[in-house]
1. Is it the case that some residue within the range 241-251 is open to solvent by 10 Å² or more (accessible area, probe 1.4 Å), within 28 Å of residue 394 (Cα to Cα) and not polar (S, T, N, Q)?
2. Just for the range 234-264: of the residues that are in contact with a strand residue (DSSP E or B) (Cβ under 6 Å, 6 or more places away or on another chain) and in a loop (DSSP other than H, G, I, E, B), which one is modelled with the lowest pLDDT?
3. Filter the range 87-102 down to the residues that are open to solvent by less than 10 Å² (accessible area, probe 1.4 Å) and not hydrophobic (A, V, I, L, M, F, W, C) and list them by number.
4. Can you pull out the strands (runs of 3 or more DSSP E) entirely within the range 65-163 that have at least 3 residues that are touching a helix residue (DSSP H, G or I) at 6+ places or on another chain (Cβ under 8 Å) and within 21 Å of residue 352 (Cα to Cα)?
5. Looking at (1) modelled with pLDDT of 90 or more; (2) farther than 19 Å from residue 209 by Cα; (3) out of contact with any Lys or Arg (no Cβ under 7 Å at 6 or more places or on another chain), which one does residue 267 not meet, given that it meets all the others?
6. When you check residue 320 against the structure, is it touching a residue at least 40 places away in the same chain (Cβ under 8 Å), over 30 Å from residue 98 (Cβ atoms) and either among the aromatic types (Phe, Trp, Tyr) or not in a helix (DSSP H, G or I) (or both), yes or no?
7. Determine if the range 189-201 includes at least one residue that is assigned to a loop (DSSP other than H, G, I, E, B), open to solvent by 10 Å² or more (accessible area, probe 1.4 Å), of a type outside the set (Lys, Arg) and not assigned by the TED database to the domain that holds residue 251.
Amino acid sequence: MMVEEHSAGPTDSLINGTEPIINGTTTALPQPFGDAPPAENGSTSTTAAPGLSADEIALYDRQIRLWGAEAQKRIRSANILLISLRALGTEIAKNLTLAGINSLTIIDDEPVTEEDLGTQYFVREEDVGRPRAEAAIPRIQELNPAVTVQSGGPLAALLLHDQNFYHPYSCIIATDHDLLTLSHINTTARFAARPFYAAAIHGFYGYIFADLLTHTFVIERAQSNLPTALGPETPTRSILSVTAKREPTTGKTTEIVQKQELYCPLILANSSPLPASILTSRRKLKTVPALIPCLRALWDFQRTYTHFPSPTSTADLATFTTLATAKARELQLPLETLKSDFLRSFLQNIGAEILPTAAFVGGRLSEDVINVLGKREQPIQNFAVFDGEGLEGRIYSLWSAPPEVVGMAGGGGQDLSLRGSMAGGDGDGSGVLGSSNGLGAAGGVAVGAAGMASGVTSVPAERS
């Protein structure tokens, strides 16, 4: 089931106890959803929300207070397809199940290994040899009986399905797969007009990619003295409408801005350049992490050799270094970006699973999915990288206009064929990979970068 498109109007972002301001006129309107008004004792209580039962209101009370009942209703109707249930997938499954989605379908027919016992808390020793999804589903289900958790069959069968298979799902998430597999799933999901996420962790390193097609969302911010102009903000983002609400107790005015982001598929993002605002600044280029060209080099290596490069193989090291250097040149990065120490560390981490990395990346992805389902907050646009050794995470907009956007521009519309865009954040095409509403609210476990020094590491056998 696809979450219905959100069209911000006078009542869409209304929070109880506020008055919307439309075209300069203050108008009192009903209070359809949001935080409940204060009770007599000074606390808040959520007692009614259309589309949610009393039990659901009680179960998700904390989340409803955080992002409103309308967003929770959208989340409650969401059906998620999760492909792979290693350490990262386990974190995502936990977070989304606790957040209260409608259903979670898991595809992972790989057998549980002894290494999985150290990185996943939904499998036990007696599960070794059983399919991961089959072994873990009963324990995931125990987290939230209101969510339907089920197996979607083997990966091989998924890759044979056409877009009709994806139609019942609100979002598709694929983790820890090679580029060809991810691109195949992404392309089919696009034909079905379904949002897609890809992610993986490699020891202390990780990434998240988002292709949300065309996504509309609402942000709320303090009203500026300058009016907010409608129209394009960046090559990918436009402002569609602006309304406001006034807090009767404080007199402060909050601006409610409806925005739209355009996305491209992974196959285009993998070859997209950095935004022009970064390419034209030597200082900004020097801050681009070596992790981006290394991830691109890893995908190329897997495609050619069908396995991970071995850190003990001189030939693999030489081949990978050549690929990473070529990718850094394509991105126009300074020669000093690729340091031998980083290359050695990245190779040693490839394929490894470290729990704090899985918790951080899985929590951040889950939070973005929840925001997207609720049509709130700026989503990831479009490539987030996390370096646990450097204790930093950044978001880069590696965007090239997909064919449908180029066609729109060619028809006399807005020229959106520019390669690269700004991502929000600091306005230069990059942003900090942080948390906007706290992973605890999503039912997840918030693990900061400072906690990356510990965790159980598991290095699986090389996979194609």
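1. For the range 241-251, residues open to solvent by 10 Å² or more (accessible area, probe 1.4 Å), within 28 Å of residue 394 (Cα to Cα) and not polar (S, T, N, Q): absent.
2. Among those residues, the one meeting the criterion is 236.
3. Those that are open to solvent by less than 10 Å² (accessible area, probe 1.4 Å) and not hydrophobic (A, V, I, L, M, F, W, C): 89, 90, 95, 97, 100.
4. Details: elements: 79-83, 103-107, 148-151.
Because the criterion is at least 3 residues that are touching a helix residue (DSSP H, G or I) at 6+ places or on another chain (Cβ under 8 Å) and within 21 Å of residue 352 (Cα to Cα), no strands (runs of 3 or more DSSP E) in the range 65-163 meet it.
5. Status for residue 267: all satisfied but (2).
6. no
7. First, the residues of the range 189-201 that are assigned to a loop (DSSP other than H, G, I, E, B): 192-195.
Checking which are open to solvent by 10 Å² or more (accessible area, probe 1.4 Å) leaves us with 193-195.
Next cut, of a type outside the set (Lys, Arg) only: 193, 195.
Still in the running and not assigned by the TED database to the domain that holds residue 251: 193, 195.
Scanning the range 189-201, I find at least one residue that is assigned to a loop (DSSP other than H, G, I, E, B), open to solvent by 10 Å² or more (accessible area, probe 1.4 Å), of a type outside the set (Lys, Arg) and not assigned by the TED database to the domain that holds residue 251, so the answer is yes.
The values are calculated or read from the model by the stated rules, or taken from the named source; none is laboratory data. Every value quoted in this text rests on a predicted model; they were computed, and no experiment measured them. Reconstructed Cβ throughout: ideal geometry from the backbone, glycine too, with neighbour counts over all protein chains shown. Keep in mind that these areas ignore ligands, DNA and RNA; they rest on the heavy atoms of the full protein, side chains included. Shrake-Rupley method; radii C 1.70, N 1.55, O 1.52, S 1.80 Å.
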